[in-house]
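Okay, structure first, notes after.
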Amino acid sequence: MPSNVEIKAKVPDGQKENIHKRAAAIRNPGTVVEILNQTDEFYACGGAGGARLKLRNFGNATADLIWYRRPNNTSGPRESVYYRVSLQGWGNIAEMSRILQMCHGQPTCTVRKLRELYMCGQTRIHLDNVDHLGDFVELEVVMRPDQAIADGEAIARDLMSKLGLRECDLVKEAYADLLMAK
């Protein structure tokens, strides 16, 4: 099953521009920053251990259906296992949403964000502006099948340092949890 090691951090006050500059400086040479408008609909998921199901709509007739499991009890680097099905070019995202609602009920939460994606080695650096929550940094170290989780944790910690993120900036909860707590 594919996995990654993730961290999520609130952007410290006044540091958004600095973090953007640092991410741009360490991104893979020759890569461009992707700007993504994403709307994630979360559905009730019967899986144990923090499992979640979401339909990620990119607003351009493209979406991903994603199941994932990640513990929410730690704010440091943590493993997330996932399955993702791309609905690229499918064009009927509203119908997929209806099917999910028939199976799982209304979405439990909808998260809207503007995401800037930088690639750095095997890591996806997300600079997110989340509606009603503010600015965050999310690191996803995409693990290779032969790679130890400790390697991903070390990569995440190194990138935290390079981006100027501190332990006190880290967030345990998913965006959906933060929104539902408001």
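Here, each number is a calculation from the coordinates, and none is a lab measurement. Quick caveat, the model's predicted, so the values are computed rather than measured. Glycine also receives a Cβ, built like all others from the backbone with ideal geometry; neighbour counts cover every protein chain displayed.
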Beyond 24 Å (Cα-Cα) in this structure, taken from LYS8/LYS162; LYS8/LYS54; LYS21/LYS182; LYS21/LYS54; LYS54/LYS162, we find LYS21/LYS182; LYS21/LYS54; LYS54/LYS162
Here, HIS104 and CYS45, labelled 7 Å along Cα→Cβ, have an inter-label distance in nm of 0.7 nm
Scoring the chain by relative contact order with C-alpha pairs under 8 Å, at least six apart, yields a percentage of 32 percent
Env charge @ LEU55, Cβ radius under 10 Å, K,R +1 / D,E -1, value -1
Each label sits 7 Å from Cα toward the beta-carbon; between ASP158 and LEU36 the label points are separated, in nm, by 2.3 nm
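For each of LEU87, LEU114, count neighbouring Cβ atoms within 10 Å of the residue's Cβ, then give the residues from fewest to most.
Fewest to most other Cβ atoms nearby, the residues stand as LEU114, LEU87.
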Mean Cβ-within-10 Å packing, highest first, puts peptides 64-70, 5-11 in the order 5-11, 64-70
The extension gain from SER75 to MET1, computed as 0.36 nm times the residue separation minus the Cα-Cα distance, is 24.4 nm
Low-density loop trypsin sites (Lys or Arg not before Pro), segment 123-171, at most 12 other Cβ within 10 Å, DSSP non-H/G/I/E/B, are ARG166
The farthest towards the positive end of the charge dipole of segment 95-175, of the residues ILE149, VAL130, MET119, given +1 on Cβ of Lys and Arg and -1 on Cβ of Asp and Glu, is VAL130
Quick calc, the chain, dipole around Cα centre from Cβ unit charges on Lys, Arg (+) and Asp, Glu (-), nearest 20 debye, gives 60 debye
The alpha-carbon center of segment 132-151 and that of segment 22-63 are separated, in whole Å, by 12 Å
Quick calc of log₁₀ I(q)/I(0), the chain, Debye, one scatterer on every Cα, no solvent, q values 0.11, 0.16 1/Å, result -0.48, -1.05
Sequence order, segment 163-169: Karplus ³J(HN,Hα) from phi using 6.51 cos²θ - 1.76 cosθ + 1.60, θ = phi - 60°, Hz rounded, Gly and Pro as x, gives 8, x, 8, 10, 3, 5, 7
The ³J(HN,Hα) series, computed from each phi in segment 10-16 with the Karplus coefficients 6.51, -1.76 and 1.60 at θ = phi - 60°, rounded to the nearest Hz and given as x for glycine or proline, is 6, 6, x, 3, x, 10, 4
Between the modelled labels at LYS21 and ASP64 (7 Å from Cα along Cα→Cβ) the distance in nm is 3.0 nm
